[in-house]
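Student: Can you keep this structure in mind? I'll have questions shortly.
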């Protein structure tokens, strides 16, 4: 570590040390702002485990992509507050969206499935098995996009942010994956 970088170092000094991948600087910064980040996340999410996850995500993001913070644009504490608030709101939206999709699915499918004949239920199970098998034939990137969209209920913009890839790449992978699935399943369903 450069001389003088310690617990009393300024945020900017610690940030530059983080850019140089000096883990001790991240530790000092976490000790300084971890409680603030956690508190903001908890106030937005109202869930201990998720607030802890977001706190970890915020500091991990700063470590992995230190270029997201520009010291000349404002204080590091303000940046951490903004990043925490943004991640927390995204998590709440994702949770609500997932919950709404689950409720719609249950309303649309659950009562109907109670009236399905044994043959209809067997056919649905077979279709589900064929789809799962077809998904394994996709590339890992394509599979992740579809799983995040259809199983985790994420929007393409959320997938792009979470995967740290451009939105156009997520859209392209999704489109390509669906084309491949359609071709694979064309003669099976």
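Please treat every number below as a calculation from the coordinates, not as lab data. As the structure is a computational prediction, the values presented were derived from the model and not from experiment. Because the Cβ atoms are built from the backbone with ideal geometry, glycine has one as well, and the counts that use them run over all protein chains shown.
Student: Tell me the label-point distance for the pair residue 165, residue 94, using the 7 Å Cα-to-Cβ offset, in nm and rounded to one decimal.
Tutor: According to this spin-label approximation, the distance is 1.6 nm.
Student: Once R0 is set to 41 Å, what does the formula 1/(1 + (r/R0)^6) return for the Cβ-Cβ distance between residue 24 and residue 124, expressed as a FRET efficiency to the nearest 0.05?
Tutor: 0.15
Student: Something else: Can you tell me what the convex hull of the Cα atoms of segment 11-92 projects to on average, as an area in nm²?
Tutor: 4.8
Student: For residue 178 and residue 133 in the same chain, what is the full-extension length gain: residue separation times 0.36 nm, less their Cα-Cα distance, in nm?
Tutor: 14.8 nm
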